[in-house]
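Since every read-out is calculated from the coordinates, none of them should be taken as a lab result. Everything numeric in this text was worked out from a predicted model, so none of it was measured. Cβ sites come from the backbone with ideal geometry, for glycine too, and all protein chains shown count toward neighbours.
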Amino acid sequence: MILHFYFARRFLISFLVITSVLGALVMLVDGVDQARRFANDEVSWAQVFGMTLLNLPQTVNLILPLIMILATVALFLALARSSELVVTRAAGRSAMGALIAPVMVALVIGVLAVVVLNPIVAATSERAEQLTQRYRSDGRSALSVSDEGLWLRQGNAEGQSVIRAWRTNSDASVLYNVTIITYEPDKGPTRRIEAETARLVDGEWRLRGAKVWPLAAGVNAEGAAEIHESLAIPSSLTVERIRESIGRPSAVSIYELPSFIRQLEQAGFSTRQHEVWLQAELARPLFLVAMVLVASAFTMRHTRFGGTGVAVLASILLGFGLYFIRSFAQILGENGQIPVALAAWAPPLAAIFLALGLLLHAEDG
């Protein structure tokens, strides 16, 4: 147990040091990018720094597999240079036994990434998106999905509109059972519109079966109501913006994702992307364990054998290859080409078996 705790402590120190270094580099690069993005907007340096801090958890979460590979490489290269691996083997401990502590630490880090880091990433990315809209478009467009249907907000200098629809088609271009309330700047609501359908085409909502009630003071709304077979309302929204607003499962906490998927189903949206993301997040600890095993398969050797640089490069390239395969499998799952469970769980399990095969092939006792 003393040896296990020693390896675990060394691995955790390597992980924290590499995370700190890469986090600082990420903040530097992202800070420059944020300053460039908001160069033409009235955004202070303090606000740019705040946006950079909000983006940091999401970036760290994204590069976590790379951090895990580099931490494993740093650990076993240090143990090899100090001949501690030789002493460990001479004491009768096999390579698989020496991996127990790093694997357990990686598993714990993976679980913490799911239960702690995931909600933090969801909250910070959502806040960053809100601030971006506020800085660049004065916060005049938004989307929300709830049990009461789909809610949209659009606006420009002439006023804003709140749109509610009970459901939509799969690509969000057509809304059904629509209610629209329009507002003028610095005033209350001016009219209410109910329509059977609303199609977003060429920068406007084209309503079918619409009824319009004026909401001016002193006016009988029902008596002044008008019925239109078709009606066009200008819109600042686009189908792509609506899709992007609901198509980012990373902006939803893993604790809220199951209910959000149910709400998307009720609203008529496709939920495969969110289902794949949920399963992939649950499989994340296994994938991080696979990264540790892959890196150790190439670096658990004494430096006197040479080829250390090639081994490190091979472990990193193989890790990137497995990450690419995992992303490709998720895309196939989102498109319905393979089952959701297969898209999320097959890559990490296959990576673990591949790394174990390499370790058993290289193990000499």
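Starting from the Kirkwood radius over alpha-carbon pairs of the range 1-120, derive D by Stokes-Einstein at 25 °C in a medium of 0.890 mPa s and give it in µm² s⁻¹.
149 µm²/s
Dividing the convex hull volume of the Cα atoms of the range 1-57 by its residue count, what figure in Å³ per residue is obtained?
65 Å³
Taking the Cα centre as origin and putting +1 on Lys and Arg beta-carbons and -1 on Asp and Glu beta-carbons, what dipole magnitude results for the chain, to the nearest 20 debye?
1180 debye
State the percent of C-alpha pairs, over all pairs in the chain, separated by a distance greater than 32 angstrom.
48 percent
Note down the relative contact order for the chain as a percent, whole number, built from C-alpha pairs under 8 angstrom at least six residues apart.
Relative contact order comes out at 18 percent.
Check every DSSP H run in the chain and write down those whose alpha carbon atoms cover 24 angstrom or more along the long axis and whose mean Kyte-Doolittle hydropathy is 0.5 or greater.
2-37, 45-62, 64-81, 308-334, 340-362
Could you work out the relative contact order of the range 1-124? I mean the mean sequence separation of Cα pairs under 8 Å and 6+ apart, divided by the number of residues, in percent.
Relative contact order comes out at 42 percent.
Using all Cα-Cα distances in the range 191-300, what percent lands in each 10 angstrom bin from 0 up to the longest?
Per 10 Å bin, starting at 0, the Cα pair percentages come out as 12, 24, 22, 19, 11, 6, 4, 2, 0.
For Asn177, what is the net charge nearby, where nearby means another residue's Cβ is under 10 Å from its Cβ and Lys, Arg count +1, Asp, Glu -1?
Charge balance in the 10 Å sphere: 0.
At 222 nm, what helix-only mean residue ellipticity would the chain give, in deg cm²/dmol to the nearest 500, using -39500 (n - 2.57) for each DSSP H run of four or more?
Helix contribution divided over all residues of the chain: -19500 deg cm²/dmol.
When you count, for each residue, the other Cβ atoms within 10 Å and take the mean per peptide, how do 282-293, 312-323 rank with the highest first?
My ranking of the peptides, most packed first, is 282-293, 312-323.
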